[in-house]
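Enquirer: Right, I'll just put the structure down here and ask away after.
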Amino acid sequence: WSDSHQITAIEIDQDTAEIYKHLYPNDEVVVCDAMEYLQNNFENFDFIWSSPPCPTHSRINTTIVNSGQLKPRFANMELYQIIIFLAQWFKGKYTVENVIPYYSPLIPAKKIDRHLYWTNFPLGNFTPSKKPNHETATISELEKFYNIDLSNFHAKGKNNKLKMLRNMVHPEIGQYVLNCAICVLQKENVNQLELVYA
């Protein structure tokens, strides 16, 4: 996206923010709480993409709980707070992305590949040309697929690198979703996009 759009990326974890800034040096990276930033700055953007934390929604929860490794926990409702907030107050186009949850989504969403997408513009069906097996792929396999190198970053250890890579949105899907939003925005005479990825 950075090649043709102004991007502001919001990340609360300093290590992750440093990796992002290294990979995308032309983007503005703000290290802060994404919810707070979104609430205070949403009017400054044409398109907002939000990927709130997914662990409490993931279907792997039931597997871990059933194995006795984890006690049942509340789902983090920030996901739905963001969707409702943007639907009510944001005049631009938005996408909220998250995993397919272990429960029926409280607000209907569009399923593409292994994620759900809540948008205020139409999304059709899309299948990426190729994709890794996120359950079994190694760090090096995912780095190769996404064409990034995390070897120079400690990112709080090996497990966190793998988690970061497994949580990435497929590049073709991300581009498809953005293209759908741009098509709608161009019809509304928005010339230069300012985007926030929170």
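The values are calculated or read from the model by the stated rules, or taken from the named source; none is laboratory data. From a predicted model like this one, the values you see are computed outputs, not experimental measurements. Quick reminder, even Gly has a Cβ in these numbers, built from the backbone with ideal geometry, and neighbours come from all protein chains shown. Quick note on the areas: whole protein, heavy atoms, side chains included, nothing else; ligands and nucleic acids left out. Shrake-Rupley method; radii C 1.70, N 1.55, O 1.52, S 1.80 Å.
Enquirer: Which condition breaks for Lys144 when tested against (1) modelled with pLDDT of 90 or more; (2) more than 13 Å from Pro132 (Cβ to Cβ); (3) exposed (fewer than 14 other Cβ atoms within 10 Å of the Cβ)?
Expert: Failing condition for Lys144: (2).
Enquirer: Now for a different question. With Phe74, Phe47, Phe85 as the choices, which residue is closer than 19 Å to Val169 by Cα and aromatic (Phe, Trp, Tyr)?
Expert: Details: Phe74 fails: closer than 19 Å to Val169 by Cα; Phe85 fails: closer than 19 Å to Val169 by Cα.
One residue alone meets the criteria, Phe47.
Enquirer: Quickly run through segment 42-61 and pick out the residues that are open to solvent by less than 60 Å² (accessible area, probe 1.4 Å) and part of a helix (DSSP H, G or I).
Expert: Across segment 42-61, the qualifying residues are Phe42, Asn61.
Enquirer: Can you say whether Val65 is surrounded by 13 or more Cβ atoms within 10 Å (Cβ to Cβ), at pLDDT below 95 and either small (Gly, Ala, Ser) or within 15 Å of the chain's Cα centre (by Cα) (or both), as far as the supplied structure shows?
Expert: Numbers: surrounded by 13 or more Cβ atoms within 10 Å (Cβ to Cβ): yes; at pLDDT below 95: yes; either small (Gly, Ala, Ser) or within 15 Å of the chain's Cα centre (by Cα) (or both): no.
So Val65 does not fit the description; no.
Enquirer: To continue, here is another question. Quick check, is Gln39 surrounded by fewer than 18 Cβ atoms within 10 Å (Cβ to Cβ), touching a strand residue (DSSP E or B) at 6+ places or on another chain (Cβ under 9 Å) and of a type in the set (S, T, N, Q)?
Expert: Working: surrounded by fewer than 18 Cβ atoms within 10 Å (Cβ to Cβ): yes; touching a strand residue (DSSP E or B) at 6+ places or on another chain (Cβ under 9 Å): no; of a type in the set (S, T, N, Q): yes.
Against the criterion (surrounded by fewer than 18 Cβ atoms within 10 Å (Cβ to Cβ), touching a strand residue (DSSP E or B) at 6+ places or on another chain (Cβ under 9 Å) and of a type in the set (S, T, N, Q)), Gln39 does not qualify.
Enquirer: Residues that are surrounded by 19 or more Cβ atoms within 10 Å (Cβ to Cβ): list the strands (runs of 3 or more DSSP E) wholly contained in segment 79-121 that include at least 2 such residues. Don't jump to the end; show me each part of the working.
Expert: Working: elements: 93-99, 110-112, 115-119.
Qualifying strands (runs of 3 or more DSSP E): 93-99, 115-119.
Enquirer: For segment 24-36, which residues satisfy the criterion of being surrounded by fewer than 15 Cβ atoms within 10 Å (Cβ to Cβ) and over 26 Å from Ile182 (Cα atoms)?
Expert: So in segment 24-36, the residues surrounded by fewer than 15 Cβ atoms within 10 Å (Cβ to Cβ) come out as 25-26, 28, 32-33, 36.
Residues satisfying the conditions are Cys32, Asp33.
Enquirer: Further question: Give all pairs with beta carbons closer than 6 Å in which a residue from segment 73-92 that is under 19 Å from His115 (Cα atoms) and in contact (Cβ under 8 Å) with a residue 12 or more places away in the chain meets a residue that is part of a loop (DSSP other than H, G, I, E, B) and among the polar types (S, T, N, Q); count only pairs at least 6 apart in sequence or on separate chains.
Expert: If the second residue must be part of a loop (DSSP other than H, G, I, E, B) and among the polar types (S, T, N, Q), the pairs left are Ala75/Thr56; Asn76/Thr56.
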